[in-house]
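Worksheet: the structure to be examined is printed underneath.
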Amino acid sequence: MSMRRTCGGLAAMLVASSAFADLAFADTMTMWVRVSGTNAAAHLVDLWNATHGDKIELTTIPDNQMVTKLATGVQAGEVPDLVSFDLIYMPDFMKAGFLTDLTADLKANPNFNSVAQAYKDIATYEGKIYGAGFTPDVSILIWNKDLFKKAGLDPDKPPSTIGEIQEDAKKIHALGPDTYGFYFSGSCPGCNIFTTSPMMVAAGSKILPANGDDPTLTGDGVKQVLETFKAMWDEGLVPKSAQTDNGANFTAMFKSGKIGIQGCGGFLISDLKHDVPDMNFGVTFLPGVKEGQVSAFVGGDVVAIPAGSKHAALAKAFVAWELTDEAQLEGLAKNNILPSRPALADNKYFAADPRIVTTAKALGIGYVPWVYHFADMVNSDSSPWINMLQRAIFDGDVDGAIKEAREKMKAIAAE
Amino acid sequence: MSTSRSFDQWRGWLYVAPTLLFVGVFVVIPFGQLIVMSMTDRSLLGGGKFIGFSNYVRIWNDSGFWGALLFTVKYTIVLTPILMILGFALALLTADNTPLKRLTRTIIFLPVVIGLSSSSLLWFWLFDEQVGLLNKLLVDLRVIAQPMVWFASADLAFWAVVISITWKVVGFGMVLFIAAIQSIDREILEAAVIDGAGYWKRAFLIIVPLSRRIILLATLVSAIGSMLAFDQFYIMTSGGPRGQTFTAVYWIYQNSFVSFRLGYGAALSIVLTLIIFVFSTLQIGLTARSEAQ
């Protein structure tokens, strides 16, 4: 009896000490995430926190302050353990030495092989890997099936070339003066690199230079897409307000039900299902100039470990975990968010809606430009990219606009 | 005797020490750092090699900056008189302390307490072609045939911002002018009435001259505020169309935080500070001269 009691007591002590050890040695990591990635990141972090002893504390940073915060944080030695940011800043951050080398860990991770190639490319610098796809987004073409039907078009046949977009847009605009065939945000550089540049890339063009000698705005695709946009603008197929839309109406116009076709992000699917549940819409890849040409811009966030992270080993464990089937499916797909591994597009959560499957597959065909100074070349309000679009589409000087943008982009890339 | 004078000197320094410390820590040292940074190629991502006056040479050739500065000066020249004249007119109308006039000036002053970003966002949507109430009002009143896209043209965008800022800050000038008007000795105005001076004569020959110090102060504050304009253009026009509504500060922001060129941004800031300093000194000098006369 006494022996049994002693053993029981020891066992109880062991269990208690093990629980205590968990509590005593559990760590809390800090993670910064930009506002527009917070929703998706929170799902993953919640799942991690629910299934792990070590916790993550999420801090939201305004999108336009992330670079400043991280740069000053690294220089002051005050960095989070993990950071999730817009993938286009990856080349600048890697070159500046802000991030921890994850090459060995990720190359040894079997899940990393199936991550969308665009994420692998953008996170590689001089042969080393510094981050992984985290909360993806990708551009797609969306069309309003109800308007297609009313205009006498086949609602199940989306336009498969930029020329077909124009033809369909004409028929939709013929429905009435308040109904428009096509929409794009004419003063939003980010929206257009996301939705317009893939049409050019699909047609074989290269957009941005990685250095001053790199080919820039090459091929006929750039010119053909700009000319088609200009023609649609001149014919009144696009609302006048598009000219000044700095992104504030990027999704609102399509939600109004008066727009036939628009390039947009995969995030719009869940928005539309929530905000306008009765709208009948379809999703397809962004087309190029000829039949069969398709592309997409891979966006969203990458996750990386800032140099100087105080819990680097634990942070690496998180990066490995977020690529697992569990995190990708239960953390992302379950919440209508795309997994960063396109092979997981066909999953039980997306099965009910083929439009999400199409969007997830767009990740596999998408591109992301590996360039320094992306913000300067594209995202800035005075960037050569947005100036080119505006001068070509609204002023009508397509050749002059391309020539000027090419020179300015090369000058920026040469800095 | 000498000990007492020395003590007085130390006491004087002691009195101003907190202010000197504050100004030193928060103005002089950062400004010194700004000057040093302006002579480097410092990027937001690191670096910081000394490059002498290269950034200043670059400014000389930066047509974007000079265009933005010219636009800022135009904005200041147009907006300042509007704010001063309208503010003074409203002050004349509401200076008496009757309940209705107190209520009126409270209503006019209300927008002053709203944040500039919030008010800019409010006006951005009021001017919207699709859902903006202003367009609807103008169409309903048959002033325009169809809704206008205000921000598609640089001139319209400029006036849209001027309208929004006038609504936002005219109440501030009005309150200053009311204080000036109310501080005028009533006997002077009563004597003028007895001498047969009408309302306009009293306004232009007595009230305006006696409010001159406040008018000049308000003009200076308003002009400096306009030269530093940023939020309203960032939110309402995004510098567009085609970069025609960039202000000097917006251009500095673009270079420093979008293009990451902190060293160049610092040099631009120094140049803008010097320009504002010269204008302010001129204005203060003119004020002093007119006071003396």
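See the values below:
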quantity: Centre separation in Å (Cα based) which lies between region B:35-65 and region B:114-129; calculated: 35
quantity: Proximal aspartates and glutamates to B:K49, defined as alpha-carbon separation beneath 14 angstrom and excluding residues fewer than eight positions away on the same chain; calculated: B:D41
quantity: Axial C-alpha extent at least 20 Å, average Kyte-Doolittle at least 1.6 - helices from chain B (DSSP); calculated: B:63-94, B:154-182
quantity: Positive-end residue of A:Q166, A:P189, A:M199, charge dipole of region A:152-209 with Cβ unit charges; calculated: A:P189
quantity: Largest-first principal axis extents, alpha carbons of region A:99-144, Å; calculated: 46, 21, 15
quantity: Dipole of the protein assembly as shown, positive direction: furthest Cα of A:P342, B:F246, B:F22, with charges on the beta-carbon; calculated: B:F22
quantity: Lys/Arg +1, Asp/Glu -1 at C-beta; region B:73-138 dipole; positive extreme among B:P99, B:P111, B:L137; calculated: B:P99
quantity: By average C-beta atoms within 10 angstrom, highest first, the peptides B:269-282, B:206-219, B:155-168, B:181-194; calculated: B:155-168, B:206-219, B:269-282, B:181-194
quantity: Exercise: per-residue mean of other protein chain Cβ atoms within 10 Å, B:234-241; calculated: 5
quantity: Inter-centroid distance (Cα atoms) of region A:304-362 relative to region A:170-243, Å; calculated: 31
quantity: Area of A:H173 that stays accessible when all protein chains are in place (1.4 Å probe, Å², to 10); calculated: 50
quantity: Partner chain coverage, peptide B:143-151 - average Cβ within 10 angstrom; calculated: 2
quantity: Packing-based ranking, highest mean first, of A:192-199, B:71-78 given that Cβ atoms within 10 Å are counted; calculated: A:192-199, B:71-78
quantity: Filter on A:K149/A:K348; A:K107/A:K361; A:K157/A:K290; A:K206/A:K410; B:K168/B:K201 - keep pairs with C-alpha separation over 20 Å; calculated: A:K149/A:K348; A:K107/A:K361; B:K168/B:K201
quantity: Packing-based order for A:207-216, A:175-184, A:354-363, using average beta carbon neighbours within 10 Å, highest first; calculated: A:354-363, A:175-184, A:207-216
quantity: Per residue solvent-accessible surface (Å²) - the protein assembly as shown, probe of 1.4 Å; calculated: 46
quantity: Anchor A:K223: aspartates and glutamates whose Cα lies under 12 Å away (excluding residues fewer than 8 positions away in-chain); calculated: A:D397, A:D399
quantity: Net charge, A:A313 excluded, C-beta distance under 14 Å - Lys, Arg +1, Asp, Glu -1; calculated: -3
quantity: For the protein assembly as shown, size of Cβ-based charge dipole, Lys and Arg +1, Asp and Glu -1, in debye; calculated: 1260
quantity: Around A:T30: net Lys/Arg minus Asp/Glu count, Cβ-Cβ under 11 Å; calculated: -2
quantity: Charge dipole magnitude, Cβ of K and R +1, D and E -1 - region B:62-292, Cα centre, debye nearest 20; calculated: 60
quantity: Residue mean of other protein chain beta carbons inside 10 Å, A:380-388; calculated: 5
quantity: Reachable aspartates and glutamates, given that their alpha-carbon falls under 16 Å from the alpha-carbon of A:K273 and they are not under 8 places away in the same chain; calculated: A:D146, A:D353
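The values are calculated or read from the model by the stated rules, or taken from the named source; none is laboratory data. Because the structure is a prediction, the values reported are computed rather than measured. Every residue, glycine among them, receives a Cβ derived from its backbone with ideal geometry; neighbour counts consider all protein chains shown. Please note that ligands, DNA and RNA were not included when accessible areas were found on the heavy atoms of the full protein model with its side chains. Shrake-Rupley method; radii C 1.70, N 1.55, O 1.52, S 1.80 Å.
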